[in-house]
Amino acid sequence: MAQDEQKAALAEARRDSVKKIQDAEAQMRSSYESAVAAEKDKLAAEHESKLVEGKTEADNIGSSSKAKKEEAKEFLKNEVERILNVSS
């Protein structure tokens with residue numbers, strides 16, 4: 001009888017030990033997954049922010065480029081007119 005009780009107590013202790021280990025592993029996985037999800041959300045937000053920033057910069061460059069093209073066209077037109085006026 002004492003041996004049976006000892007075996008039962010030992011089996012119970014092993015089950016408790018396994019349960020504690022499994023609970024700790026589950027908690028660790030949960031913490032890890034939460035941290036990974038939070039980091040992914042942070043990276044997604046940064047990515048979106050960079051895309052918006054890049055689009056804004058590209059739009060500004062495009063606007064500046066158009067203005068410079070118009071200036072160059074006007075300059076060339078004026079120079080051609082000046083040359084034609086001088087030669088006539």
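Numbers below:
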| quantity | calculated |
| --- | --- |
| Largest-first principal axis extents of the Cα set of the chain (Å) | 128, 13, 6 |
| For the stretch 19-34, 3J(HN,Hα) per residue [Karplus equation, 6.51 cos²θ - 1.76 cosθ + 1.60, θ = phi - 60°, Hz, x = Gly/Pro] | 4, 4, 5, 5, 5, 5, 5, 5, 5, 5, 4, 4, 4, 4, 5, 5 |
| Sorted by Cβ neighbour density within 10 Å, fewest at the top, the residues Val86, Val36 | Val86, Val36 |
| Stretch gain in nm, segment Ile21-Glu33, where the contour uses 0.36 nm per residue and the Cα spacing is subtracted | 2.5 nm |
| Table column - 3J(HN,Hα) (Hz), the stretch 60-72, Karplus curve with 6.51, -1.76, 1.60, x for Gly and Pro | 5, 5, x, 5, 5, 5, 4, 4, 5, 4, 4, 4, 5 |
| Simple spin-label estimate for Ala11 and Ser63 in nanometres, 7 Å along Cα-Cβ | 7.9 nm |
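Each reported figure results from applying straightforward, stated rules to the coordinates on display, with no laboratory input. In this text, all values refer to a predicted model and were calculated from it rather than measured experimentally. Virtual Cβ from ideal backbone geometry, glycine too; neighbours counted across all protein chains shown.
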